[in-house]
Each structure stands twice: as C-alpha cells, then as structure tokens.
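Asker: Input: one structure, supplied below.
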Amino acid sequence: MADDSQRMTVEVVEVSPNIAEPGEAPTVASEVFRQLLQQAIRVADQANAQSVRMAADFAEIYRREQVIRNEYEAKLKELRLMERQTTRYAEDLAQMLRTERERREELERALEQERLANEELRRTGLQGISHLLLAATLKDQTTGAHLLRVRRYVEAIATRIGLPAQLVEEFGYSSVMHDVGKIHTPDHILQSEHHLSSEEFEVIKQHCIDGEVMLGDARFFETARAIAREHHERWDGQGYPDGKRGSEISVAARIVSVADVFDALTSKRPYKDAWTLEEGMRSISEGAGKQFDPELVEAFKTLRADGTIERIRQEVGAARFE
Amino acid sequence: MSAYHPVMATLLVADDLVPIRQMVRITLSTQGWTILEAKNGTEALDIARSQKPNLILLDVDMGPGPNGFEVCKMLKADAATKEIPIVMLTAHESDSDRAIGMAAGATQYLTKPFGPLELIDTIRGILAHN
C-alpha cells in the first residue's frame, strides 16, 4: 500500500515540467493556464503528501496489528497446550477413579465373602459347643443354669477389669466348656457323695487334660482349651493338674475359677445345701491370694456390692441352658 | 546428593506458564515432596544453585534469558549442581529436540501435555535410583 502511493507521487512530479514548456511567448491565456496548472500541481502535491502520510499511518497500523496478531497466536498456542494438558489430567483422573472403584468393589466382595465364611465358622463352633455341653451335662449333676451363671459371672468380671468387648465375649463362650472333659470321668466317681480316695482323685484330675484334648486345635477354642486345662489351678500353686501359680495361669482360667467355685458354693448339690451369697462371698474373699487371683476377688466383690451378682442369679434363675 | 528418603525430596519446577507450574505443584505435592518454582531460566539457575533441589523439571521456552536446554547445560557444567537429575518437560516433541535435551545432560525427556501419573512415576523412578 505504501509503495503504490509513492509511485503515484513520482508520476505527478514528472508531468509538470512538460506542461511548463519554456521557449514559447507567454500569452494571457497561457499565463492563466500556467497558473491553473501550478495550482493543480500544488493541489496534487498536497494530495500526494496526504496519500504518503496515510500510507505511512496504514503501515504503522498494519505493523501494530501484526504484533497483536503474534501475541494473540502465542497466547492461543498456550491455551491449546493448556487445553490438551487439562484433558490429559482429566483422563488420568478418570482412569484412577475407575481403577479405584473396581478395586473397592473387589475388596467389598472379598470382605463380604470373608464375613459369611466367618459367620458360618462361628455358627459351627457354637453348635459344636452346644452338642458337647449337652453330652457333658447328661452325665453330670451340673445343670445348664450353673453354666449360664458361670458365663455371666465371667463376663461381668472380665468387663469390670477392663478387658475389651471381644475378649469378654470370647471368655464368656469359652467358660461354658470348662468341664467338658468330665464326659470321660466314670459316673460313680462324678456322682459320689462321700470323700474321694486318692486314686479316685487322680481320675478326677484327668478331666482337665481330657477337656483340653477334646477341644482340638482350632483357634476358636484356644481360650476354651486353656480354661479346661487350668480352671482347677490355684493362685498359690497348690491346684491341679499342673500346679501352675499366679500369672502362669491364663487370665481366662483364673476368672472362671472364681466364678465356678462361687456358683458351686451357692448352689445346692447332692452332698450339700446351697450356701447364702454372704457365705459364698466370704469364702471367695478368704481365698484371695491363696486359691484365687486377689485382683479378681476385688473385682468380684465390687460386683457383689453393686448388685450385679444378685441380678445375674435372678435373671438366670431356673432358666435352662440352650 | 547422597542417600535421602524419596518422601523428603525437594523439587524445582521451572516453567513460564503459571497454570503449568500450579498443575505440577499440585500433582507432586500429593507425594509429600516440597516444590520450588522458577518462572524463567535465570531464576531456575539461581534456585538450583542456592537450594540444591533433589530434582529439576525444566521447560524449554521460558521467555527472555537462557532456555531450558541452556539451563540444563549450565547446571551440568557446574560441579556443584551436575549431580542433580534433570527432567525436561516441554511441548517440543520432535526427535531432534529430544536428542538436544538428552545431549544437554537431561535424565529424562517428557512432552506436554504430560500425564500426572507418568510424571509421578518418572520422578519416583529417578529418586529411587539415587
């Protein structure tokens, strides 16, 4: 555009000397014509200058526009990069979420299967217990109510000394199996109403060992095995069958020992009347540090003091073991 | 630059684009790494020399001053910084640009748009190697 207007100027300037040709005598007409021509040239020069000026301005505008266009294109390139970058992020994120969801669903399925399997295992274990106890109680004068009360006492003591709920439950269901080994003990010894001979006492001791063996090797019965084996051990080491003392005896067995003896004392048996709660408590207290773990005796006393023992006795009453 | 736990790493990201720096920072902060930022080549050199990061991410075109290839070359020529692994992170995706970057001493050459997981994996791999 600038080049065109400059060429136009050159053409106009070239024409003017031809028109003002020297040598001819100036006439009025020619003088007028000359002046008109000069005026025309002036006008043309002005127009020309204007054109040059405009062309220069246009050139400047074009240059500026070019700069803006370059900036714009650079910015556009940047934006396109950011757009692709954002898309890439979104794709990765979506992929992560998909993977995450699949993994979670898989995990949930596995957990559900695990839960069902555990539940089934638990039911199997608990049914096994019921069958064992049914067999044992048929032989013994022990009643279902005795086992139920022992279980409730055990749970109450375990809770009182601050054991977690899961252990409380495990100690509870395990405690009812403490005498399963008696299924092997001859009836005439079990039901004997007089003092046992030392030979007969050896046979009695055997029920602790038999009970542990009968309860197999499953994790579910681990505590039950310890209880069966150790519930006749004494804090002072004078118990049977192993003569363990103090903390060598598992906590579960120490707890069962207190609960079992207390309920035996306060229940009627073929060879004795039921003691009162007061008499039972006194006997347990006297056994602290000898037959029983003194800490557990203290816990048991608080259960007596706050009415828990009495409530358990009333609630179980003559209820049959299920 | 001896033994360090990857979790404790400090990384420098040099890029003239604010949104790219933000994305890189957000992405890498998920790994527990500390992120330093430079907006051009000169700043990248300064921070690399003063802070000695465990790894540097370099863009190529960063406005005025030395470009990413030049920054990489300078850091590799300097005994104090030549052990710092450098990852080029650029929109230049041609093989010749890649060759220039690797010749300048870069450990890895990633192109934009980069995948966040790819970026994390690359950096993890390099950090675990050292």
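Asker: Beyond 22 Å, what share of the Cα-Cα pairs of segment A:176-253 remains, rounded to the nearest whole percent?
Answerer: Details: 747 of 3003 pairs.
Everything past 22 Å amounts to 25 percent.
Asker: Rg(Cα) of segment A:102-211 divided by 2.2 N^0.38 Å? Please report the intermediate quantities before stating the final value.
Answerer: Details: Rg = 19.3 Å, N = 110, 2.2 N^0.38 = 13.1 Å.
Relative to the 2.2 N^0.38 Å estimate, segment A:102-211 comes out at 1.47.
Asker: Run through all the Cα pairs of segment A:140-316 and give the fraction in each 5 Å bin from 0, expressed as whole percent.
Answerer: Result, from short to long distances: 1, 9, 17, 22, 23, 17, 8, 3, 0 percent.
Asker: Could you compute the net charge surrounding B:Ala38? Neighbours are other residues with a C-beta less than 9 Å from the C-beta of B:Ala38; K and R count +1, D and E count -1.
Answerer: On the way: positive: B:Arg21, B:Lys39; negative: B:Asp15, B:Glu37, B:Glu43, B:Asp46.
Surrounding charge for B:Ala38 is -2.
Asker: Would you kindly compute the Cα radius of gyration of segment A:24-124 and its largest Cα-Cα separation (Dmax), both in Å?
Answerer: Cα-based Rg and Dmax for segment A:24-124 come out at 42.5, 142 Å.
Asker: Fewest to most neighbouring Cβ within 10 Å: what's the order for A:Ile255, A:Ile249?
Answerer: On the way: A:Ile255 30, A:Ile249 22.
Neighbour counts put them in this order, fewest first: A:Ile249, A:Ile255.
Asker: In nanometres, what is the gap between the two model label sites at B:Ala103 and A:Leu111, each 7 Å from Cα along Cα-to-Cβ?
Answerer: 5.7 nm
Asker: What does the structure give for A:88-94 when I average, per residue, the other chain Cβ atoms found within 10 Å of the residue Cβ?
Answerer: Details: counts 7, 8, 0, 4, 8, 2, 0.
Average per residue, whole number: 4.
Asker: Quick one: dipole size for segment B:1-75, taken about the Cα centre, charges +1 on Lys/Arg Cβ and -1 on Asp/Glu Cβ, in debye to the nearest 20. Let's see the in-between values first.
Answerer: Working: 6 positive and 8 negative charges, 54 e Å.
My answer is approximately 260 debye.
Asker: Which whole number in µm²/s is D for segment B:6-125 by Stokes-Einstein, with the Kirkwood Rh taken over Cα pairs at 10 °C and 1.306 mPa s? Numbers along the way, then the final one.
Answerer: Details: Rh = 13.9 Å.
In µm²/s, the coefficient rounds to 114.
Asker: Build a GNM of chain B with springs between Cα atoms under 10 Å: which of B:Ala104, B:Ala79, B:Ala91 gets the top mean-square fluctuation?
Answerer: Ranking B:Ala104, B:Ala79, B:Ala91 by mean-square fluctuation puts B:Ala79 first.
Asker: Taking the alpha-carbon set of segment A:235-322, what are its Rg and Dmax in Å?
Answerer: Computed over the Cα atoms of segment A:235-322, radius of gyration and Dmax are 13.7, 36 Å.
Asker: Moving to a separate point now. Which residue, A:Val43, B:Ser29, A:Ile204, has the largest displacement toward the positive end of the dipole of the protein assembly as shown when charges sit on each Cβ (Lys, Arg +1; Asp, Glu -1)?
Answerer: With unit charges placed on the Cβ atoms, the residue in question is A:Ile204.
Asker: Something else about it: Are there GluC sites (Glu not before Pro) in segment A:154-245 that DSSP marks as loop and that have at most 11 other Cβ atoms within 10 Å, and which are they?
Answerer: Working: sites: A:Glu155, A:Glu169, A:Glu170, A:Glu193, A:Glu199, A:Glu200, A:Glu202, A:Glu212, A:Glu222, A:Glu230, A:Glu233; in loops: A:Glu193, A:Glu233.
Within segment A:154-245, the qualifying GluC sites (Glu not before Pro) (loop, at most 11 other Cβ atoms within 10 Å) are A:Glu193.
Asker: Please work out, to two decimal places, the log10 of the ratio I(q)/I(0) at q = 0.08 Å⁻¹ from a Debye calculation in which every Cα of the protein assembly as shown carries one identical scatterer.
Answerer: Values, matching the q order: -0.74.
Asker: Right, something else. Report ³J(HN,Hα) in whole Hz for each residue of segment A:303-313, in order, from the Karplus equation J = 6.51 cos²θ - 1.76 cosθ + 1.60 where θ = phi - 60°; Gly and Pro get x.
Answerer: Going residue by residue, I get 5, 5, 5, 8, x, 5, 4, 4, 4, 4, 4 Hz, with x marking Gly and Pro.
Asker: Name the residue, out of A:Ala29, A:Ala56, A:Ala165, whose mean-square fluctuation peaks in a Gaussian network model built on chain A with Cα pairs under 10 Å.
Answerer: Highest fluctuation of the listed residues: A:Ala29.
Asker: What is the sum of charges, Lys and Arg at +1 and Asp and Glu at -1, for the other residues whose Cβ falls under 12 Å from the Cβ of A:Lys272? Mind dumping the intermediate values first?
Answerer: Values: positive: A:Lys268, A:Arg269; negative: A:Glu193, A:Asp273, A:Glu279.
So the surrounding residues net to -1.
Asker: Could you quote the convex hull projected area for segment B:61-109, Cα atoms only and averaged over all directions, in nm²? The partial results should precede the final answer.
Answerer: On the way: hull surface 13.2 nm².
Quarter of the Cα hull surface area: 3.3 nm².
Asker: I've got another one for you. So if we plug the beta-carbon distance of A:Lys290 and A:Arg80 into 1/(1 + (r/R0)^6) with R0 = 60 Å, what FRET efficiency do we get, rounded to 0.05?
Answerer: On the way: r = 89 Å, r/R0 = 1.49.
Given R0 = 60 Å and the Cβ-Cβ separation, E is 0.10.
Asker: I've got another one for you. Considering only DSSP beta bridges with both partners in the protein assembly as shown, what is the antiparallel share in %, to the nearest 5? Could you put the intermediate results ahead of the total?
Answerer: Details: 1 of 18 bridges.
Antiparallel: roughly 5 percent of the beta bridges in the protein assembly as shown.
Read-outs: derived from the displayed coordinates by stated rules, not from any lab. Keep in mind that this is a model prediction, so the values were computed, not measured. Glycine gets a Cβ as well: all are built from the backbone with ideal geometry, and neighbour counts include every protein chain shown.
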